[in-house]
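Read the structure below first, then the notes.
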Amino acid sequence: MNAAKNKFLECKIFTSLTEERSRIRKYGKGTIIHFQGEEYHSLLVVVEGLVSAEIHDPQGKKIKLETFSPVSPIAPGILFATDNTLPVTITAESDVKILSVSKQDILTILQKDTACLEGYLSLTGDKIVLLAEKIRLFKFNSIQQKIAGYLLNLSKKKGSNHVRLPYTREFLADLFGVARPSLSRELSRLADAKILDIKNKDITILKKRALNYILEGKFGTLYDYDNG
């Protein structure tokens, strides 16, 4: 994901546009940058600060979908969608600086540099994959179930009980829709129970059956299972 993002954001044509100060806008903490339902005509990229994307339902309930940090493009796929209205509300979580690049300028960049085009397509594809994973994990109620579901899926893809997390814990907490301290606490519990062996981003699943039991909501004598 980061490689694809950098491949686009670091292309020479794009970086030359970012040097124009008129394209940088500042927003104070709590400011709504774009409302859900507004048309999206320019690609926004976070330069400084944190920005959140939330869905607001008619009852006023908010569901946080993603947090954007420097240097993250916001909704790159929506820019070229037939219906380019934002499905989320974009809000400044802190004082932020946002780069705005028009759809026409993005098209010019992509037409002139195939590496930028590949990077942009990879970026939008990765966003779809992450959204699908967030929806898949949304059905699980507890943090431990989300962790178990994510790690079992990652283990299946890799064909191994030894996996390396592709994201930071901050990003994973955002993906799971939980607070980072809560995620770290539950990972520590699973490590203390010798279900997982955790060394930074490298994780070994020691008791796969225990993770499956967590996923099924069968907590009973969970930590007594010593099967791999």
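Any read-out appearing in this document is the output of simple, stated calculations on the displayed coordinates, not a laboratory observation. Because the structure is a prediction, the values reported are computed rather than measured. Counting neighbours? That spans all protein chains shown, and the Cβs are built from the backbone with ideal geometry, glycine included.
Mind checking the stretch 51-159 for trypsin sites (Lys or Arg not before Pro) that DSSP puts in a loop (not H, G, I, E or B) and that have at most 11 other Cβ atoms within 10 Å?
Here the trypsin sites (Lys or Arg not before Pro) that fit, given the DSSP loop and packing criteria, are 61, 139.
Given charges of +1 on the Cβ of Lys and Arg and -1 on the Cβ of Asp and Glu, with all other atoms neutral, how large is the dipole of the stretch 2-134 about its Cα centre, in debye to the nearest 20?
Magnitude of the dipole: close to 220 debye.
I'd like the GluC sites (Glu not before Pro) in the stretch 166-216 restricted to DSSP loop residues with at most 16 other Cβ atoms within 10 Å, sorted by number.
Listed in order of number, the matching sites are 216.
Counting Lys and Arg as +1 and Asp and Glu as -1, each charge on the Cβ, what is the dipole of the stretch 139-224 about the Cα centre in debye, to the nearest 20?
240 debye
Counting other C-beta atoms within 10 Å, and keeping those with at most 11, which DSSP coil chymotrypsin sites (Phe, Trp or Tyr not before Pro) do you find in the stretch 124-160?
The qualifying sites: there are none.
For residue 68, enumerate residues with amide H under 5 Å from its amide H, sequence gap 5+ or separate chain, H modeled in the peptide plane.
When sequence neighbours closer than 5 places are left aside, the close amide H contacts are 51, 52, 53.
Taking the Cβ-Cβ separation of residue 131 and residue 160 as r and a Förster radius of 22 Å, what is the calculated FRET efficiency to the nearest 0.05?
0.30
Select from 32, 122, 110 the residue farthest towards the positive end of the dipole of the chain; place +1 on Cβ of Lys and Arg, -1 on Cβ of Asp and Glu, and compute about the Cα centre.
122
Measure up 61/199; 7/64; 7/62; 26/139 against 31 Å on the Cα-Cα distance and list the ones that go over.
The answer is 61/199; 7/62; 26/139.
Output ³J(HN,Hα) for the stretch 43-50: one whole-Hz value per residue in order, computed from phi by the Karplus curve 6.51 cos²θ - 1.76 cosθ + 1.60 with θ = phi - 60°, and x for Gly and Pro.
6, 9, 10, 6, 9, 9, x, 10
For the chain, what Kirkwood radius comes out of the mean inverse Cα-Cα distance, in Å? Show your work: numbers first, answer last.
Numbers: mean 1/r = 0.0516 Å⁻¹.
Over the chain, the inverse of the mean reciprocal pair distance is 19.4 Å.
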